[in-house]
Each structure stands twice: as C-alpha cells, then as structure tokens.
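In what follows, a structure is listed as structure tokens, so that the remarks can point back to it.
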Amino acid sequence: MGHRLSKIYTRTGDKGETGLGMQGRIGKDSLRIAAIGDIDELNSIIGWLMIAVADEASDQAMLSQIQHDLFDLGGELAMPGYELLEEALVSDLETHIDRLNEALPPLKNFILPGGNEAAARCHMARSVCRRAERTMVSFNNAEPKGHVLAQQYLNRLSDLLFVYARHLARKDGQQEVLWQSRHKKEG
C-alpha cells in the first residue's frame, strides 16, 4: 500500500471542509461526512467490544469481518460512485442472527443495556449502529443516488448486535436485565 499518510496534520480541514477519496472537498457537517463519522465510531466501539470477548474465536472472527465491512462502507461513502458492499453481507448477518437467536429464549420483556461488561459494550455498539442507520436514511433521502444496501446492512447489523448482546448477557449463567416500569396500570 505504500506510505499514504506520511504527515498526519495537513491544515486543509481547518476551515470546516474535508477531502473525499475522488471528488474534491466537502463540508465536515454534510450528511455524507456525518454518516462516515457514525460508521467510524461504530467500528471503534466494535473494536472495544472485541477486547471483552477476546477468548471467543468465532465471535472474534464475526466481529473482525464486521469491522472490515464497516471500513468498506466508509470507503464507499468517501469515494462516490464506488460500490464495495455486496448483498451477501446482509445475508451473512442474518445467518449470524439466526445462529445466535436459536439458543435464546423468546423475548417476553424489554431488556435494558447491561448484564455484564461485554453485553453493555455490545448494546453501546447497537445504539451507535442505530444512529448510523438514521444518518444513512437521511443521507439516502437527500442524495439522488443513495446507498440502499448500506442502509440495509446497518439495519441488519443493529439487529445482530441486539441478539449478540442478549447472548453475551446470558453467558456463564448470567442473565439479561429486564425492564420493570414503575408505572404499572391498575386492573
């Protein structure tokens, strides 16, 4: 790949713009850059989650692939006209969801983020993924040629992270944290 970043600070972004991979400069407050930023934040939190599940090789492989997919998604947004994601990635996420959900009891209550450190980190990733998805929806609504597959990928990924958090909360005989409203209806 060579030496692409020999100087980290360039001062070119000091006026609120940043460069895209192929098409000049764009405002740092644009929906495109907001989506890239949300995806980058999500990728960072997944890296943080990976530390908490370091002893699980299959989980590490799944999360590592997701990190690579998210980097491709960010690259796709940074280089308008390029398509790096494939429909099979959404199917892969669905396969992981089905595999993890198979061992879980049916959900009869809302659950709260937590249970243990790994589950809490996974819920953090899930909530940031939902934000990235909302930003992607806004971006797609504003752009004539949106990234529908990216939106589907983020939607499915947030579903996977929810199921994975449930799985993590129940590891080693632990339990999920069930929501209990203080405002119960009478009668």
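Numbers for the structure displayed
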quantity: Estimated FRET transfer efficiency when R0 is 25 angstrom, pair residue 110-residue 131 (beta carbons, to 0.05); calculated: 0.80
quantity: Nonlocal amide H pairs with residue 112, under 5 Å, H built at 1.01 Å; calculated: 177, 178, 179
quantity: Computed accessible area, residue 111, all protein chains, 1.4 angstrom probe, square angstrom; calculated: 30 Å²
quantity: For residue 95, solvent-accessible area (1.4 Å; no DNA, RNA or ligand), Å²; calculated: 90 Å²
quantity: Listed peptides 39-52, 139-152 by packing density, highest first (mean Cβ within 10 Å); calculated: 39-52, 139-152
quantity: Solvent-accessible area of residue 131 with every protein chain in place, 1.4 Å probe, in Å² to the nearest 10; calculated: 80 Å²
quantity: The chain: angle of helix 117-142 to the longest principal axis, Cα-based, in degrees nearest 10; calculated: 50 degrees
quantity: P(r) weight above 12 Å for the range 141-187, C-alpha pairs, percent; calculated: 75 percent
quantity: On Cα atoms only, tilt of 87-102 relative to the major axis of the chain in degrees; calculated: 20 degrees
quantity: The chain: C-alpha gyration tensor shape, a/c 1.5 cut-off, then a/b vs b/c; calculated: prolate
quantity: Lys pairs under 24 Å by Cα in the chain, provided they are eight or more residues apart or on distinct chains; calculated: 7
quantity: Calculated [θ] (222 nm, deg cm²/dmol) that DSSP helices of n ≥ 4 give over the chain, each run adding -39,500 (n - 2.57); calculated: -20000 deg cm²/dmol
quantity: Crossing angle, helix 148-169 versus the chain [Cα axis fit, 0-90 degrees, rounded to tens]; calculated: 40 degrees
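The values are calculated or read from the model by the stated rules, or taken from the named source; none is laboratory data. Note that the coordinates shown come from a computational prediction; the quantities given were computed from them, not determined experimentally. Glycine gets a Cβ as well: all are built from the backbone with ideal geometry, and neighbour counts include every protein chain shown. What goes into the accessible areas is simple: the full protein's heavy atoms, side chains included, and nothing from ligands, DNA or RNA. Shrake-Rupley method; radii C 1.70, N 1.55, O 1.52, S 1.80 Å.
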